[in-house]
1. Across the range 199-232, which residue is most open to solvent (accessible area, probe 1.4 Å) among those that are within 26 Å of residue 286 (Cβ to Cβ) and part of a loop (DSSP other than H, G, I, E, B)?
2. Report, by residue number, each residue of the range 129-153 that is farther than 19 Å from residue 62 by Cβ, of a type in the set (A, V, I, L, M) and surrounded by fewer than 20 Cβ atoms within 10 Å (Cβ to Cβ).
3. Which is over 25 Å from residue 186 (Cα atoms), open to solvent by less than 20 Å² (accessible area, probe 1.4 Å), modelled with pLDDT of 95 or more and among the aliphatic types (A, V, I, L, M), of 71, 75?
4. Please enumerate the residues belonging to the range 105-120 that are at negative phi and open to solvent by 10 Å² or more (accessible area, probe 1.4 Å).
5. Residues that are under 22 Å from residue 288 (Cα atoms), assigned by TED's automatic domain parsing to the domain that holds residue 42 and away from the ligand (no atom under 16 Å from the Cβ): list the strands (runs of 3 or more DSSP E) wholly contained in the range 99-195 that include at least 2 such residues.
6. Go through the range 43-68 and report how many residues are buried (at least 16 other Cβ atoms within 10 Å of the Cβ), among the aliphatic types (A, V, I, L, M) and outside any loop (DSSP other than H, G, I, E, B).
7. Can you name the number of the only condition in (1) of a type in the set (Gly, Ala, Ser); (2) outside any helix (DSSP H, G or I); (3) on the phi < 0 side of the Ramachandran plot that residue 92 fails?
8. Between residues in the range 213-231 that are under 11 Å from residue 279 (Cβ atoms) and of a type in the set (Phe, Trp, Tyr) and residues that are in a loop (DSSP other than H, G, I, E, B) and open to solvent by less than 60 Å² (accessible area, probe 1.4 Å), which pairs lie under 7 Å by C-beta distance while being six or more apart or on different chains?
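The values are calculated or read from the model by the stated rules, or taken from the named source; none is laboratory data. Not measured: the values here are computed from a predicted model. Heads up, the Cβs are rebuilt from the backbone with ideal geometry, glycines too, and the neighbour counts pull from every protein chain shown. When the accessible area is computed, the model is the full protein with side chains, heavy atoms only, and any ligands, DNA or RNA have been set aside. Shrake-Rupley method; radii C 1.70, N 1.55, O 1.52, S 1.80 Å.
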Amino acid sequence: MLNSIALIGGTHGNETSGIQLITNWLNTGLPERFESLNVTCALANMAAIEANQRFLDEDLNRQFTAEKLAADNPAREAQLAKKLNAKYGPKGHSATDFFIDIHNTTSNMGATLIVLEADDFNTKLARFVKHVMPEANILVEDEKSFVEHGYFCTVGKKGVMIEVGAQPQGVLREDVYQLTLTMAEAILDFCVAWNARSQELANLPPCEAFRLGHEVKFPLDENGKRKAMIHHSLQDQDFTPLLPGAPIFRGFDGTDFVWEDDNETYPHFINEAAYHKLDVAFATAERISF
Ligand SMILES: [Zn+2]
């Protein structure tokens, strides 16, 4: 039974879809069909939202490991994380049964549901969302345990992220907003069905999903400067199979770098603006049945 649900936007202050959706639902209330649910809507990082920046000092969505929550770090997001953990958690003994955190990406990932566990709840959620929203992508990040992640959504007993793009940072696109709204409603419809112990959930067939592999970095020269950019044939091709030998980068000298792995992969977070400073070009994934 999901007795308390948190629906959060503005964990990153320049990801406008969730900020706008939460603002709208705080003004109007949730759609009537969700009235049986106890949903707390809130914006996470008001200072970053006002600054229209991802964060002020440090990435809030990496602060929620046990180590970081216990550390004495003066960074504003580290301090905020402690307050948010006290309010919605505390992590590991949470007052929140299910935590939904809404994000945007500059990558062309469409509406992506990120789940962190492959248990009964998360597989049924993924199957339900994919069933009512076939255009959705399911991304499974279970390379470590739920509590080991530093994501804000892990302060809940269960937690997922909505990740929608492509949208430039600080910009509100209507099409991306609609995808965000549709996925948020699909997840809340699932919560209603879960609480009603709907037989429909047990009958949903396995769905396509993508299991996170690893990050691929941009090629750098001996001074740490980039030698290449995302190849035009890879740009915007998130979750499209990338085949061995296919170009991934175009060097500034005109030479191409190709995918040298023996296997195809499903790239995503391709050219994500927030990962620019980290020199992350994209992440790989394996296509699975979930
Ligand atoms: Zn984000």
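1. 232
2. Once the filter is applied, which keeps residues that are farther than 19 Å from residue 62 by Cβ, of a type in the set (A, V, I, L, M) and surrounded by fewer than 20 Cβ atoms within 10 Å (Cβ to Cβ), the range 129-153 yields 132, 133.
3. Matching residue, one of 71, 75: 75.
4. Taking the range 105-120 as the starting set, the residues that turn out to be at negative phi are 105-109, 111-120.
Across the range 105-120, the qualifying residues are 106, 108, 117, 118, 119, 120.
5. Working: elements: 110-115, 137-140, 158-165.
Where strands (runs of 3 or more DSSP E) fall fully within the range 99-195 and carry at least 2 residues being under 22 Å from residue 288 (Cα atoms), assigned by TED's automatic domain parsing to the domain that holds residue 42 and away from the ligand (no atom under 16 Å from the Cβ), they are 137-140.
6. 4
7. Failed condition: (3).
8. Every condition considered, the pairs that remain are 218/279.
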